[in-house]
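What follows is a single structure, written as structure tokens, with notes after it.
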Amino acid sequence: MLNVGVIGIGAMGRNHVRVYSEMDNVRLVAVADTNPESCKKFTEQYNRRAYTDYREMLAQEKLDAVSVVVPTSLHRQVAEEVLAQGIPVLLEKPIATTHADGRAIIAAAKKAGVLLAIGHIERFNPAIVALKKKLEENELGKLFEIRTRRLGPIPGRIEDTGVVVDLATHDIDLIQSLINVPIKRLHSEIQRHVHLSHEDSFFGMVQFENGVNGLLDVSWLVPTKVRQTFVVGERGMFVVDTLTQEFYYYENDYPVGSGLPGAHIIEGNVTKIKIDRKEPLRVQLENFINKIDRNEGAIVTGEEGLLNLDVALAFISSASDGRVIYRSEFAKE
């Protein structure tokens, strides 16, 4: 039984608290948040200790793992202090706001010799796990393109980053893990319409080393949530809705590899693929705990999280400069 704590109990932090409290192999010991009212509500609901200073929690409690769910601008400060105590950390994405801060967090984990995981939750969505498996089994044949749409209303709580670093990093991680070859080059367009200080609309284009093109459509301008992933190949198209965890296969009825002259795309059967639904956050936290407890389970590493951030920053730079950016410019060591 591992003792866990959560630092930051805003919208996402409360989800970490809820899931940990439901897990059999962990004990949710305490939380920390600068908002006294949030701490009071937590204590009343869970009958556990709450601190308004996370340093006091680290000093008073014996913790085996901590989720850090604070604003991105505070990630480095909080994560470094937790890691320095020798406590494994699950740090919500994105890893940081700058490459230097992300690199420093990774260095702190290595110095302490403890686990650092980054909370790119879509990797643990059962529909995405099923999609990745089918791609690994080559069920679409040669891949042509991958597209994502991540749209929704602007979250009032996000002030320190824009839609690219805060939201598009989900899809940056998603497409890289699904295609599983390096990005060759990228370019983008961003705009700010309603956010007070950062971009809220983003269109990004990537080309992978294997020739697959990727298109990311992400914004905070739509009054309903849309979360879709499309992968197109010579045998058809896979479509996943990560909100509903629905998965469809749209078949290309043209006999691929038949040797017939010409190339055709013909509408064929549509198949709904059965998914055993499960909350992605629970899957992610179970993997994190299992990795600490038994060295089993998948995590998103600090290095992967840092690459996702570097790609996001390259997208912002591309939009600012109006140019294509190649991997050698953003894949930093």
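Among the residues of the range 55-95, write down those that are modelled with pLDDT of 95 or more and among the hydroxyl-bearing types (S, T, Y).
Selection gives S67 alone.
Counting only residues that are of a type in the set (D, E, K, R) and within 15 Å of the chain's Cα centre (by Cα), which one in the range 269-300 is nearest to R14 (Cα to Cα)?
Checking each candidate, the answer is R282.
Closer than 22 Å to D171 by Cα, among the aromatic types (F, W, Y) and in contact with an Asp or Glu (Cβ under 8 Å, 6 or more places away or on another chain): is that true of F288 in this structure?
When the stated conditions are applied, F288 does not pass them.
Restricting the search to the range 311-332, which residues are surrounded by 13 or more Cβ atoms within 10 Å (Cβ to Cβ) and assigned to a helix (DSSP H, G or I)?
Residues satisfying the conditions are V311, A312, L313, A314, F315, I316, S317, S318, A319, R327, E329, F330.
Quick one: is S38 surrounded by fewer than 17 Cβ atoms within 10 Å (Cβ to Cβ) and out of contact with any Cys (no Cβ under 8 Å at 6 or more places or on another chain)?
It is false that S38 is surrounded by fewer than 17 Cβ atoms within 10 Å (Cβ to Cβ) and out of contact with any Cys (no Cβ under 8 Å at 6 or more places or on another chain).
Condition test on D33, is it farther than 24 Å from D293 by Cα and either crowded, with 21+ Cβ neighbours inside 10 Å or outside the structural domain of L91 (by TED's automatic domain parsing) (or both)?
Considered against the rule, which asks whether it is farther than 24 Å from D293 by Cα and either crowded, with 21+ Cβ neighbours inside 10 Å or outside the structural domain of L91 (by TED's automatic domain parsing) (or both), D33 comes out as yes.
For the range 195-242, which positions are hydrophobic (A, V, I, L, M, F, W, C) and closer than 12 Å to G152 by Cα?
V218, W220, L221, V222, V226
Condition first: surrounded by fewer than 16 Cβ atoms within 10 Å (Cβ to Cβ) and among the aliphatic types (A, V, I, L, M). Now tell me which residues in the range 190-220 satisfy that.
V194, L196
Name every residue in the range 287-300 that is more than 13 Å from R123 (Cβ to Cβ) and either buried (at least 19 other Cβ atoms within 10 Å of the Cβ) or touching a Gly at 6+ places or on another chain (Cβ under 8 Å) (or both), in order of residue number.
Those that are more than 13 Å from R123 (Cβ to Cβ) and either buried (at least 19 other Cβ atoms within 10 Å of the Cβ) or touching a Gly at 6+ places or on another chain (Cβ under 8 Å) (or both): I289, N290, K291, I292.
The values are calculated or read from the model by the stated rules, or taken from the named source; none is laboratory data. Just so it is clear, the structure is predicted and the values come from calculations on it, not from any experiment. We place every Cβ from the backbone using ideal geometry, glycine too, and count neighbours over all the protein chains shown.
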